[in-house]
Amino acid sequence: MAILQTEQFENKGFYIFHFKGNKSKPVFSPEQQHILTKANLYSLCLIKKGETSFVINNERVQVGQNHLLLTNPSSRVNGSSVVKSWDCEVYLIFFTLDFSFRLDLPQDFFTITKKSLALKDSHIWSLATQDATNLCNLFKQFIHYDKQAPNYLFKNQVINSLTEILFCEIARLAELQAKNTVVVPSRKRDILTNFYLLLKASFRQEHMVQYYANQLKITPKHLSVITKELTGKSAIELIQDILVEEAKLLLRQGLSIGEIASKLHFSDQSFFGKFFKRNVGISPKEFRQNI
């Protein structure tokens with residue numbers, strides 16, 4: 001009998017699902033459906049075999065074996081609309097922008113993805129059999145290591161390394177796809193991707209929208225209008241989200257609150273503590289106690 005299989009990483013900002021056929025069962029639980037509707041999520045959907053379809057931005061999209069579907073935060077995926085064949089097998093990954101910023105990716109990665117991924121709401125790629133097989137093997141490794149006990153030596157480092165490999169492989173495939181695609185330029189998406197590149201380089205030192213707007217030669221209001229339209233969040237919300245996630249990472253690494261405040265260029269420890277509590281709901285000290 002066909003069954004539904006789902007795997008999810010606890011690592012905030014990155015989620016992976018693996019499911020198989022069975023037309024009679026929903027693909028996502030209510031909790032998982034909530035993940036789908038979160039703002040600022042990118043996604044990868046690889047069809048290992050069979051066929052599936054679902055609604056994106058009020059349009060039904062059909063994908064089959066060895067197809068890879070990519071969406072960005074402006075895509076609205078309706079998880080309850082999924083229709084799948086009895087034999088389908090699918091891997092789904094969702095991740096946030098701030099998660100990708102924590103990875104040690106080369107500059108070439110962002111140059112390539114800027115050129116090939118930021119122009120449309122979604123892309124459907126037909127992959128060569130070997131490329132699809134390579135991605136499936138990567139997803140299987142994610143699931144294998146996620147199942148290991150929390151004290152499994154270097155578990156988190158292995159998962160982060162696998163994620164960097166996955167992202168670089170997607171960028172390589174994006175470059176191949178771009179050579180065969182007619183590109184329709186978009187001024188708004190070009191501004192957004194340039195903002196992302198600036199943000200990755202400068203978010204620890206620069207916390208104000210004015211700085212990024214000046215670099216992009218537009219007004220802060222114009223920048224925020226674009227980010228709100230394409231990601232569902234204003235420019236200041238994106239900056240603060242990334243600062244919060246970086247602060248959480250540094251707290252997990254054992255840095256003192258004073259060291260973190262200095263590293264993230266807050267004026268003092270007290271100001272950093274108020275910023276953190278306002279955005280997270282608890283103080284840095286309370287967050288560390290709950291790790």
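The values are calculated or read from the model by the stated rules, or taken from the named source; none is laboratory data. Worth saying up front: this structure is predicted, and the values here are computed from it rather than measured. Note: ideal-geometry Cβ built from the backbone for every residue, glycine included; neighbour counts use all protein chains shown. Surface accessibility is based on the protein's heavy atoms, side chains included, excluding ligands, DNA and RNA. Shrake-Rupley method; radii C 1.70, N 1.55, O 1.52, S 1.80 Å.
For the stretch 191-227: of the residues being of a type in the set (Lys, Arg) and in contact with a helix residue (DSSP H, G or I) (Cβ under 8 Å, 6 or more places away or on another chain), which is surrounded by the most Cβ atoms within 10 Å (Cβ to Cβ)?
Lys200
If you take the residues of the stretch 157-178 that are of a type outside the set (A, V, I, L, M, F, W, C) and either over 20 Å from Leu44 (Cα atoms) or modelled with pLDDT of 85 or more (or both), which of them is surrounded by the fewest Cβ atoms within 10 Å (Cβ to Cβ)?
Filtering first and then ranking leaves Gln157.
Those residues that are closer than 25 Å to Gln62 by Cα, open to solvent by less than 50 Å² (accessible area, probe 1.4 Å), modelled with pLDDT of 70 or more and hydrophobic (A, V, I, L, M, F, W, C), I need them from the stretch 92-146; list them, please.
Leu92, Ile93, Phe94, Phe95, Trp125, Leu127, Ala132, Leu135, Cys136, Leu138, Phe139
Going by the conditions given, is Ile218 part of a loop (DSSP other than H, G, I, E, B) and aliphatic (A, V, I, L, M)?
Working: part of a loop (DSSP other than H, G, I, E, B): yes; aliphatic (A, V, I, L, M): yes.
Against the criterion (part of a loop (DSSP other than H, G, I, E, B) and aliphatic (A, V, I, L, M)), Ile218 qualifies.
Filter the stretch 241-258 for residues that are assigned to a helix (DSSP H, G or I) and within 25 Å of the chain's Cα centre (by Cα) and give the result.
Asp241, Ile242, Leu243, Val244, Glu245, Glu246, Ala247, Lys248, Leu249, Leu250, Leu251, Arg252
If I go through the stretch 259-291 residue by residue, how many of them are surrounded by 13 or more Cβ atoms within 10 Å (Cβ to Cβ), of a type in the set (Gly, Ala, Ser) and in a helix (DSSP H, G or I)?
Total meeting the criteria: 3.
Name every residue in the stretch 130-156 that is more than 16 Å from Ile16 (Cα to Cα), part of a helix (DSSP H, G or I) and hydrophobic (A, V, I, L, M, F, W, C), in order of residue number.
Ala132
Could we say that Asp87 is modelled with pLDDT under 70, surrounded by fewer than 18 Cβ atoms within 10 Å (Cβ to Cβ) and of a type in the set (Asp, Glu) here?
No; evaluated as a whole, the condition is false for this residue.
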